[in-house]
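The values are calculated or read from the model by the stated rules, or taken from the named source; none is laboratory data. As the structure is a prediction and not an experimental result, all values here were calculated from the model. Ideal geometry is used to build each Cβ from the backbone, glycine not excepted, and the neighbour counts take in all protein chains shown. We work out accessible area using only protein heavy atoms, side chains counted, and drop any ligands, DNA or RNA first. Shrake-Rupley method; radii C 1.70, N 1.55, O 1.52, S 1.80 Å.
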Amino acid sequence: MKKIDRRNFLQKTGLTTAGLYLASTLKLSAHERPLKTSEYMGDFAAPKLETVRIALIGVGARGSGHAAQLAQIEGTEIVAISDLYEDLAEASKSRCMTLGKGMRHQQIKTYFGQEQAWKNMLSEIRPDAVFISTDWDNHAPMAIESMTQGAHAFVEVPLAVSLSQLWDIVETSERTQKHCMMMENVNYGRDELRYLNLCRQEVIGDILHGEAAYIHELRFQMEEQERGTGSWRTYQYARRNGNLYPTHGLGPVAQYMNLARSEDNFKSLVSYSTPALGRQQYAKSHYPDDHKWNALDYRGGDMNTSIVKTQLGRTIMVQWDETSPRPYSRHNLIQGTKGTLAGFPTRVALEGGVPGVTDSHHYWAQGEQLDAFNEKYEHPLYRRLGQVAEAMGGHGGMDFLMRYRIVECLRNGLPLDQNLYEGCFWSAVAPLSEASVAQGGMPQDFPDFTRGQWKNTRALDIVD
């Protein structure tokens with residue numbers, strides 16, 4: 001892929017090399033850590049595993065889906081499952097045993113009932129890979145312990161809730177030489193894969209701007225009061241004010257822009273939240289006055305809008321709203337010098353028009369008009385696995401593609417599609433946005449989790 005001329009880009013955007021150097025010398029991020037001698041993990045490929053021995057921590061709604069599909073992928077063995085609740089652990093074990101072929105997954109050990117049962121599982125079973133699907137506060141400690149115990153860690157989003165935790169994850173992964181991947185499934189969506197392919201082929205020219213969102217009304221989860229997402233996530237909404245769930249929209253856009261991979265990287269962000277009204281009103285209208293949800297002080301704004309600035313001066317608008325009554329959207333827009341790709345609904349505008357559909361960039365091509373265009377630029381991974389992914393399911397097949405690729409990379413000794421540092425940068429938006437909101441929208445610098453080595457990291461291949 002042709003790289004943007006960094007010198008010309010910086011000059012055109014007013015970001016001179018001297019200015020960047022001066023800024024960096026005057027204001028080092030408060031969250032930077034000293035240089036380490038550990039091996040960089042950007043292009044890391046672990047030794048091949050003929051069979052991937054898998055353990056899972058948390059098998060509720062999300063984790064049970066991981067277990068069931070992983071059990072059906074060739075070259076896996078589910079060896080252990082841990083959950084707070086015995087019924088969830090045993091149900092997931094039973095399903096894996098049924099779905100496995102032949103004698104696979106017949107020796108699954110379950111751990112449950114105690115907060116630290118997962119630690120006993122790691123030390124006794126010593127799995128090759130651990131899939132973590134728990135509440136956000138536990139993601140980082142569990143990933144760190146998994147790597148320390150010799151396993152690759154695959155973590156639900158976000159990777160961590162603080163910058164300090166993200167640095168701890170980086171240092172543990174580099175020290176242990178174990179993968180730590182945040183499982184951003186949306187990067188494997190059909191449109192997202194196709195747009196990545198289009199960007200790599202420079203169909204929209206040099207990329208300038210992106211827009212990403214996670215807008216998903218989820219107030220109904222407050223009914224999950226003892227178990228389930230709402231039982232712990234409602235407290236996150238109440239005590240934190242920022243963009244708490246940025247990665248579904250941001251992950252694909254960041255890879256379109258090749259951020260943290262040779263071309264460009266995150267630089268800073270500003271963030272603003274609306275007033276926090278929706279959750280409080282919902283609790284008041286749906287629960288008794290003395291209910292625990294009415295005792296909370298809801299501080300998180302209903303809608304958060306954050307603007308990311310990259311090293312090259314590009315911009316990304318990232319929005320998050322799980323409260324307001326409106327249709328679902330991840331937004332997913334990428335704008336270049338020769339056109340724009342957008343989602344929700346899927347549509348394309350190109351300078352000179354989309355061949356055979358439109359005659360200028362003033363009109364969107366969308367719906368069935370895009371059938372031939374979409375076929376031409378279908379991502380090779382989807383050509384190979386799309387039908388089976390759709391049949392397996394999971395958010396339209398993206399979940400299966402992600403799980404399949406994880407196993408495929410581990411078995412073949414390949415770098416993962418999403419490396420350690422990408423997960424850290426994408427997750428860092430949450431704590432940085434909280435700081436910006438608290439400071440009235442003041443810019444916040446991204447720590448460089450790669451310590452400058454992103455410039456030497458290969459662009460993500462268009463794998464087939």
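Of the residues making up segment 147-179, those that are of a type outside the set (D, E, K, R) and free of Cβ contacts under 8 Å to residues at least 60 places away in the same chain are Met147, Thr148, Gln149, Gly150, Ala153, Gln165, Thr172, Thr176.
Among the residues of segment 427-445, those that are under 14 Å from Ile307 (Cβ atoms), open to solvent by less than 20 Å² (accessible area, probe 1.4 Å) and part of a helix (DSSP H, G or I) comprise Val429, Leu432, Ser433, Ser436. Looking across segment 269-305, the residues that are in contact with a Phe, Trp or Tyr (Cβ under 7 Å, 6 or more places away or on another chain) and part of a helix (DSSP H, G or I) come down to Arg279, Gln280, Ala283, Trp293, Asn294.
Residues that are within 16 Å of Ile316 (Cα to Cα), assigned to a helix (DSSP H, G or I) and either among the aliphatic types (A, V, I, L, M) or in contact with a helix residue (DSSP H, G or I) (Cβ under 7 Å, 6 or more places away or on another chain) (or both): does segment 198-212 have at least one? Yes, the conditions are met somewhere in segment 198-212.
When the strands (runs of 3 or more DSSP E) confined to segment 77-185 are screened for residues that are under 22 Å from Arg405 (Cα atoms) and either open to solvent by 50 Å² or more (accessible area, probe 1.4 Å) or out of contact with any Gly (no Cβ under 7 Å at 6 or more places or on another chain) (or both), those reaching at least 2 such residues are found at 129-132, 152-155. Of all the listed residues (Ala276, Ala260), the sole one being farther than 27 Å from Gly58 by Cα, at pLDDT 95 or above and open to solvent by 10 Å² or more (accessible area, probe 1.4 Å) is Ala276.
Summed over segment 341-362, the residues that are over 25 Å from Val463 (Cβ atoms) and either assigned to a loop (DSSP other than H, G, I, E, B) or of a type in the set (Ser, Thr, Tyr) (or both) give a count of 14.
Restricting attention to segment 234-251, the residues being in a helix (DSSP H, G or I) and touching a Phe, Trp or Tyr at 6+ places or on another chain (Cβ under 8 Å) number 9. Of all the listed residues (Ile215, Ile207), the sole one being closer than 26 Å to Phe446 by Cα and in contact with a Cys (Cβ under 7 Å, 6 or more places away or on another chain) is Ile207.
Would you check if His361 is open to solvent by 30 Å² or more (accessible area, probe 1.4 Å) and at pLDDT 95 or above? The answer is yes for His361. Would you mind stating whether Arg239 is among the charged types (D, E, K, R), farther than 19 Å from Asp264 by Cβ and within 18 Å of the chain's Cα centre (by Cα)? Considered against the rule, which asks whether it is among the charged types (D, E, K, R), farther than 19 Å from Asp264 by Cβ and within 18 Å of the chain's Cα centre (by Cα), Arg239 comes out as no.
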